[in-house]
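Throughout, read-outs are computed from the coordinates displayed, never taken from laboratory work. The structure displayed is predicted, hence computed values, not measured ones. Methodologically, a virtual Cβ is constructed for each residue, glycine included, from the backbone with ideal geometry; neighbour enumeration extends over all protein chains shown.
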Amino acid sequence: MTKQDLIEAIEQFSRRSGIAPATVTGRAVANSRLYQRMKAGGSCTMDVAARVMAFIAANSPPATSANNTEHPHENAS
């Protein structure tokens, strides 16, 4: 995973969840300045990146399938 991949994952999660990227990193690794530092060219350790990704995975809503359009009253006998 590159730094850009991590930034994009934070931004996508931020948009989906409605919270600021700084809040994402603050909740994930207790470092609300991490996102801005990375955007400015800084980096983070692999451990920190893994913890951010684990937070995103644990707090992302389940994926919905476009094919999951069952209607309980269809095909009723």
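A few remarks follow.
- Amide H to amide H, with H built 1.01 Å from N, residue 31 comes under 5 Å of 26, counting only residues 5 or more places away or on other chains.
- Using θ = phi - 60° and Karplus 6.51 cos²θ - 1.76 cosθ + 1.60, couplings along the range 40-54 (whole Hz; Gly, Pro as x): 7, x, x, 9, 8, 6, 4, 4, 5, 4, 5, 5, 5, 5, 5
- Each peptide in 49-55, 23-29 gets a packing score, the mean of other Cβ atoms within 10 Å over its residues, and the list from highest to lowest is 23-29, 49-55.
- Backbone phi angles across the range 24-36, fed through the Karplus curve with coefficients 6.51, -1.76 and 1.60 (θ = phi - 60°), yield HN-Hα couplings of 4, 5, x, 6, 6, 9, 6, 9, 6, 8, 4, 4, 5 Hz in residue order; Gly and Pro are listed as x.
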